[in-house]
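Working notes, beginning with the structure itself.
The values are calculated or read from the model by the stated rules, or taken from the named source; none is laboratory data. The structure displayed is predicted, hence computed values, not measured ones. Neighbour counts run over all protein chains shown; Cβ positions are idealised from the backbone, glycine included. Remember, those area values only see protein heavy atoms, side chains included, never the ligands or the DNA or RNA. Shrake-Rupley method; radii C 1.70, N 1.55, O 1.52, S 1.80 Å.
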Amino acid sequence: MNHSHLQDIVVVGGGTSGWMTAAALATVLEGRYRIRVVESDEIGIVGVGEATIPMIQRFNKVLGIDENEFLRETQGTFKLGVEFVNWGKLGDRYMHGFGRIGRELWMVGFDQYWHKMRRAGKAADLAAYSITRMAAAANKFMPPTNEYGDSPLNEIAYAYHFDASLYARYLRKLAEGRGVLRTEGKIVRVAQREPDGYVEALVLESGERIAGDLFIDCSGFRGLLIEQTLATGFEDWSAWLPCDRALAVPCAPAAKLLPFTRATSHQAGWQWRIPLQSRIGNGHVFCSRHISEDEAAATLLADLDGEALAAPRLLKFTTGMRKRAWNRNVVAIGLAGGFIEPLESTSIHLVQTAISRLLNFFPYASFNQAEIDEYNRQSRFEYERIRDFIVLHYKLNQREDSAFWRECAAMPVPDTLSHKIELFRSTGKLVRNNDELFAEVAWLQVLHGQNLAPDGYHPLADLQSEPVIAEYLDSVRDVIGKCVEVMPDHAAYIAKCCAARPQ
């Protein structure tokens, strides 16, 4: 086998995924490979992904990014979770907060003692045992600190809201400072090698030919290399996730700077609300079979906190994934590899894990098919398990007010999801498989938040008496309450540590 090293890595497309990829590779590979980003100013980027999940902290840390500087440069704010409005029944409201809920007691998890006491009418709402949910409700934020000993303040899990185009610009500057070359130009032809069809070079409108060994397709939905060139194929998941359009619009900021994303369900979809320092990002994700684009725009504009700062921008999509994320010498990252709607803010995370996986299976110039197959297997597992978690939100609704929601409640779902629901329905058991993205605590919050109460609880929860468990629950709740009291206001923390320059 030829173990010669490849030399030239070409990233097709800039935007968030392209510059995350280039910046990460430049940092980790330490200048030993030539990395080039080819992007065209003529081709717009989607750039609406503004909410993240906590693992992005790890990505920024690997790149050596200073948190406060990054937030100043991207108009960023902090995110403690996602609030869901009208997802169970109309009028319901719950939060999927980051981090743990409760503290460990004895043989079984906190949730099992909570299920037991809830059935007896002796437990507070789940939110009372989560520091991120209680802090979000009080509009408070601070990063974790060990100043208070063994305390929930040690383990505040958080992510960010930011302007994705500013993040891409920030990463571009960082990447170019670490040796990445940027070529501006429109690709008019992709040259393939005979006889195996590997991509050999990109030909630009100017006539310039850019050769490479490994090509990373960050060209967005169109998948210039992975689909238009290699015809890899796409697996359509719209039977489970029927929304196929989104309208995005920024609006003026509100009086309060909230430390969470909000997802409000409407007649045929849902609306996101993402607070930045200078504005609020809003969007309406909807199903075009059930509502027209004009009606969807009217719904979106009627539900803003402030004046719209632009006309709504339409995005069309099909939820699903490429049949293979890595085909020959092309790896698709970001929207080129697949799309799962932004309900739980996983888009940027999927870019991050694709980069990490590529580094784990970084190829020689000869490319090993067994490694490519394993990359694709892991990628598929991740996409499918995230898909199941998003489908859960739709399937578990009890809305009777529109055909869209009735259809979602009645639809058959993947077996992997049915199994999780049925396991929970019996005794509240939750199982995380192979380190899938969403842990048991995330599933618990959505299942409970959307009114699925288990028929029982783990029998070993009965090893502790009700008075002992009640005292334990009360102590957790009291400690969290005291912790939230000492936390600063979210806006005040930003003003002190990472306020952006006025735009």
(request) Being more than 18 Å from Tyr94 (Cβ to Cβ) and either in contact with a Phe, Trp or Tyr (Cβ under 7 Å, 6 or more places away or on another chain) or in contact (Cβ under 8 Å) with a residue 60 or more places away in the chain (or both) narrows it down to one of Ile372, Ile390, so name that one. (result) Ile372
(request) Please indicate, with yes or no, whether at least one residue in the stretch 383-402 is open to solvent by 50 Å² or more (accessible area, probe 1.4 Å), small (Gly, Ala, Ser) and over 15 Å from Asn434 (Cα atoms). (result) no
(request) Can you work out which of the residues in the stretch 66-103 that are open to solvent by less than 10 Å² (accessible area, probe 1.4 Å) and in a loop (DSSP other than H, G, I, E, B) is nearest to Ala123 (Cα to Cα)? (result) Gly102
(message) Suppose we keep only residues that are closer than 17 Å to Tyr394 by Cβ and not hydrophobic (A, V, I, L, M, F, W, C) within the stretch 284-304. Which one would you say is surrounded by the most Cβ atoms within 10 Å (Cβ to Cβ)?
(response) His284
(request) Could you tell me whether the stretch 217-224 includes any residue that is in a strand (DSSP E or B) and crowded, with 23+ Cβ neighbours inside 10 Å? (result) yes
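Residue-wise test of (1) at pLDDT 95 or above; (2) touching a Pro at 6+ places or on another chain (Cβ under 9 Å); (3) over 20 Å from Gln450 (Cβ atoms).
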| residue | (1), (2), (3) |
| --- | --- |
| Glu69 | yes, no, yes |
| Glu73 | yes, no, yes |
| Phe78 | yes, yes, yes |
| Phe84 | yes, no, no |
| Leu90 | yes, no, no |
| Met95 | yes, no, no |
| Phe98 | yes, yes, no |
| Leu105 | no, no, yes |
| Asp111 | yes, no, no |
(request) State the number of residues belonging to the stretch 465-481 that are without any contact (Cβ under 8 Å) to a residue 40 or more places away in the chain, closer than 15 Å to Val108 by Cβ and not in a loop (DSSP other than H, G, I, E, B). (result) 1
(request) Please determine, by comparing only the residues of the stretch 174-188 that are open to solvent by 10 Å² or more (accessible area, probe 1.4 Å) and in contact with a helix residue (DSSP H, G or I) (Cβ under 9 Å, 6 or more places away or on another chain), which one is nearest to Glu344 (Cα to Cα). (result) Leu174
(request) Quickly run through the stretch 319-356 and pick out the residues that are in contact with a helix residue (DSSP H, G or I) (Cβ under 8 Å, 6 or more places away or on another chain), of a type in the set (D, E, K, R) and either open to solvent by 10 Å² or more (accessible area, probe 1.4 Å) or assigned to a loop (DSSP other than H, G, I, E, B) (or both). (result) Arg322, Arg324, Glu341
(request) Only residues that are open to solvent by less than 40 Å² (accessible area, probe 1.4 Å), more than 23 Å from Ala138 (Cβ to Cβ), outside any loop (DSSP other than H, G, I, E, B) and not hydroxyl-bearing (Ser, Thr, Tyr): list them for the stretch 236-280, please. (result) Ala246, Leu247, Ala248, Val249, Pro250, Cys251, His266, Gly269, Trp270, Gln271
(request) Look at Ser366 and say whether it is of a type in the set (Ser, Thr, Tyr), more than 16 Å from Leu25 (Cα to Cα), touching an Asp or Glu at 6+ places or on another chain (Cβ under 9 Å) and in contact (Cβ under 8 Å) with a residue 60 or more places away in the chain. (result) no
